[in-house]
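Here is the structure we will look at, set down as structure tokens.
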Amino acid sequence: MAAGNGAGGVAIALLLFLAMPSALLVAGDDPYRFFTWTVTYGDITPLGVKQQGILINGQFPGPTIEAVTNDNLIINVFNKLNDPFLLSWNGIQQRRNSFEDGVAGTTCPIPPGGNFTYILQVKDQIGTYFYFPSLAFHKAAGGFGAIRVLSRPMIPVPFPPPAADYPLLIGDWYKANHTDLKYMLDSGKALGFPDGLLINGRSWDGYTFNVQQGRTYRFRISNVGLSTSLNIRFQGHTMKLVEVEGSHTMQTTYSSLDVHLGQSYSVLLTADQPAYDYAVVVSTRFTSKIISTTAVLRYSGSTGKSPAALPGGPTIQIDWSLNQARSIRWNLTASGPRPNPQGSYHYGMVTTTRTIRLASSSATVNGKQRYAVNGVSHVNPDTPLKIADYYKIAGVFSVGTISDSPSGGGSAYLQTAVMGASYRDYVEIVFENPESEVQSWHIDGYAFWVVGMDGGKWSSASRQGYNLRDAVSRYTVQVYPNSWTAIYMPLDNVGMWNVRSENWARQYLGQQFYLRVWTSSTSWRDEYPIPKNALLCGRAAGRRTRPL
Ligand SMILES: *[C@@H]1O[C@H](CO)[C@@H](O)[C@H](O)[C@H]1NC(C)=O
Ligand SMILES: *[C@@H]1O[C@H](CO)[C@@H](O)[C@H](O)[C@H]1NC(C)=O
Ligand SMILES: *[C@@H]1O[C@H](CO)[C@@H](O)[C@H](O)[C@H]1NC(C)=O
């Protein structure tokens, strides 16, 4: 959760990175977990055709990171690809530390043959997250994996411990490799429709979840795909929703769940049916053609496939999805990452200090397809924005290169887009989608309350329908076609934060920008200085980080 970090800030772990990870000095006693990851190409055949996948320690999807609130994660990533590479951490807030965010605007790429040690802290976080490769179109080749952050032992979780906690990464997949897909986008062509869907890297009964009758399991579902919203359901079973992107929710039962690009949900499933193999079904939403895939939910002692029909799911219905989204509520009395109830932060009582309206658009620029926000289609500069900002290198970006309200009509221009904002502001952001395609927006460094969403055009009167009491706090939100979604967000995390479309072609072709949350304070309580091991590139190449 983004808000109410005040008291927790007292026990700051000051990270002094020396030459070796083993020589880390800390003031504070939050545990450390060390990872050494090697990123390589390797053969994978998710849809029956051999492809070059991006593997982490030989695995596709990559290994699951397991952590507990406030753990420090020291992840040394060795890049054995022939391409510059970065991982980013969807939903991990990198408090005071956007240098570690691992996107083009914050972190220099790890060169081929090089390595970089990320130093992350899952400060005041619980819940379900994932990591992914952020540069070029690498995400189309894999390199992603699940992250789960468990509660500290003394903090109550609003449900009994599950018999097992399974990552369930779902997403669409293309048979063309990432370089070919990138080339298509660079040359102005559309990606087209995905070739299939994957569940934990496999299609059609390729992946099995083992369960025992009478037990309850937690499934952590994330949509790690590129282009499509998905729906998931379990044959013969219902799902009890318990967590959304770091928030404990009212525990509502669903027979199927929409998961938009970049979103994560935890559900509990009780194995209360006869011992068979059941299908876990995933299918596309809001697409002209519906494709699907399955995994297997296998009871121990299963005597074969369940005779029941495969469960159907919604296809193009938007109202169904909107109603489901509105039914997801914050459990005000449950604890989040800290012992006090989630509802003790009254997000709806705080006066907003600024309204930012962000309209998405598709436009042709120089004869090529681009995507934009408020008429600006972002281009990455030669130097990460955060690093240029730190060294005060002029000419890389200017603050205010994207406006607070829609402009440009349907047209767009190319620009390195940076919006300025003040630390401690409390903003209302309205995502406006005048297009006919569902959108999904993610903000790095933050979680936010989804106070409203509806069809039509947003106006100040729309505020009357806001949920100012028990809206869920999350970090990725959908915006339905010809609709809007409004969020409240306290700007309590200084840094340079990527705001992006989770539709990967849109993101790649400019539908993103950076929010520079700034303070004049230079205290480490507000923002950490550049990491000592930061790689330096572009116009910052050859500078020193900090004295060792
Ligand atoms: C992608 O496929 C093309 C051929 O279509 C090939 O030339 C290229 O090397 C492949 N790239 C990767 C990363 O596998
Ligand atoms: C690369 O890995 C070595 C250990 O093998 C480590 O000492 C070094 O700090 C890493 N480099 C960076 C930039 O993190
Ligand atoms: C909300 O959380 C409380 C406290 O943990 C729990 O007792 C209650 O069952 C939860 N309510 C719902 C509807 O999930």
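The values are calculated or read from the model by the stated rules, or taken from the named source; none is laboratory data. Worth saying up front: this structure is predicted, and the values here are computed from it rather than measured. FYI the Cβ positions are ideal-geometry reconstructions off the backbone, even for glycines, and counts take in every protein chain you see. All accessible areas refer to the heavy atoms of the entire protein, side chains included, with ligands and DNA or RNA removed. Shrake-Rupley method; radii C 1.70, N 1.55, O 1.52, S 1.80 Å.
Enumerate by residue number the trypsin sites (Lys or Arg not before Pro) in the range 336-368 meeting two conditions: DSSP loop (anything except H, G, I, E, B), and at most 11 other Cβ atoms within 10 Å of the site's Cβ. If you can, show how the numbers build up before the last one.
On the way: sites: 354, 357, 368; in loops: none.
Taking the range 336-368 and a limit of 11 other Cβ atoms within 10 Å, no loop trypsin sites (Lys or Arg not before Pro) are found.
Note on residue 333 and residue 355: their simple-model spin labels are 3.6 nm apart, each label 7 Å out from Cα toward Cβ. Each residue of the range 478-491 was assigned a 3J(HN,Hα) from its phi angle through the Karplus expression (A = 6.51, B = -1.76, C = 1.60, θ = phi - 60°), giving 8, 10, 5, x, 6, 9, 9, 9, 10, 10, 10, 8, x, 7 Hz with x at Gly and Pro.
Scoring 34-40, 474-480, 523-529 by mean Cβ neighbours within 10 Å over their residues and listing the highest first yields 474-480, 34-40, 523-529.
Counting only other residues whose beta carbon sits under 11 Å from that of residue 322, what net charge do I get with K and R as +1, D and E as -1? Can you show the working numbers first?
Numbers: positive: 326; negative: 258, 319, 454.
So the environment of residue 322 carries a net charge of -2.
On average, how much accessible surface per residue is there in the chain, in Å², for a 1.4 Å probe, leaving out ligands, DNA and RNA?
Details: 19810 Å² over 548 residues.
Averaged over the residues of the chain, the accessible area is 36 Å².
When the pairs 50/368; 289/368; 80/139; 386/532; 139/386 are compared against a 20 Å limit on Cα-Cα distance, 50/368; 289/368; 139/386 fall above it. The amide H of residue 124, built 1.01 Å from its N in the peptide plane, has 70 as neighbours under 5 Å, considering only residues 5 or more places off or on other chains.
Sorted by average packing, counted as other Cβ atoms within 10 angstrom per residue and highest first, what order do 235-241, 104-110 take?
Details: 235-241: 19.0, 104-110: 24.6.
Highest mean packing first, the order is 104-110, 235-241.
Taking the accessible area of the range 419-495, probe 1.4 Å, and keeping the other protein chains in place, the carbon and sulfur fraction comes to 46%.
Between residue 459 and residue 344, what length comes free when the chain is fully extended (0.36 nm per residue of separation minus the Cα-Cα distance, one decimal in nm)? Working shown, then result.
Working: separation 115, 0.36 × 115 = 41.40 nm, distance 2.95 nm.
That works out to 38.5 nm of additional length.
Of all DSSP-defined beta bridges confined to the range 345-540, some 70% are antiparallel rather than parallel.
Computed over the chain, the Cα gyration tensor eigenvalues convert (square root of 5λ each) into semi-axes of 33, 27, 26 Å, ordered from largest to smallest. For the range 502-517, the Karplus equation 6.51 cos²θ - 1.76 cosθ + 1.60, evaluated at θ = phi - 60°, returns couplings of 8, 6, 6, 5, 5, 4, 4, 9, x, 7, 6, 7, 10, 9, 9, 8 Hz by residue, with Gly and Pro reported as x.
How large a share of the accessible area of the range 28-164, in percent, is made up of carbon and sulfur atoms when the probe is 1.4 Å and the other protein chains stay in place? All intermediate terms of the calculation are to be shown ahead of the outcome.
Working: 2270 of 4140 Å².
That share works out to 55 percent.
Sorting 394-400, 134-140, 63-69, 282-288 by their mean Cβ neighbour count within 10 Å, with the most densely packed peptide first, gives 134-140, 282-288, 63-69, 394-400.
Across the range 208-218, coupling constants 3J(HN,Hα) worked out from phi with the 6.51/-1.76/1.60 Karplus curve, θ = phi - 60°, read 10, 9, 9, 9, 10, 3, x, 9, 10, 10, 9 Hz, and Gly and Pro carry x.
The relative contact order of the range 345-540 comes to 28 percent, based on Cα pairs under 8 Å that sit 6 or more residues apart.
For the range 408-458 and the range 369-394, write down the distance between their C-alpha centroids in whole Å. The two parts, judged by their Cα centres, are 17 Å apart.
Compute the relative contact order of the chain as a whole-number percentage, counting only Cα pairs closer than 8 Å that sit 6 or more residues apart in sequence. Answer for the chain is 15 percent. Rounded to the nearest 500, the 222 nm mean residue ellipticity of the chain from helices alone is -1500 deg cm²/dmol, with -39,500 (n - 2.57) taken per DSSP H run of at least 4 residues. With 0.36 nm allotted per residue and the present C-alpha distance subtracted, the residue 519-residue 189 stretch has 114.6 nm of extension available. Backbone amide hydrogens, once placed in the peptide plane, bring residue 426 within less than 5 Å of 353, 354, 491, excluding anything fewer than 5 places away on its chain.
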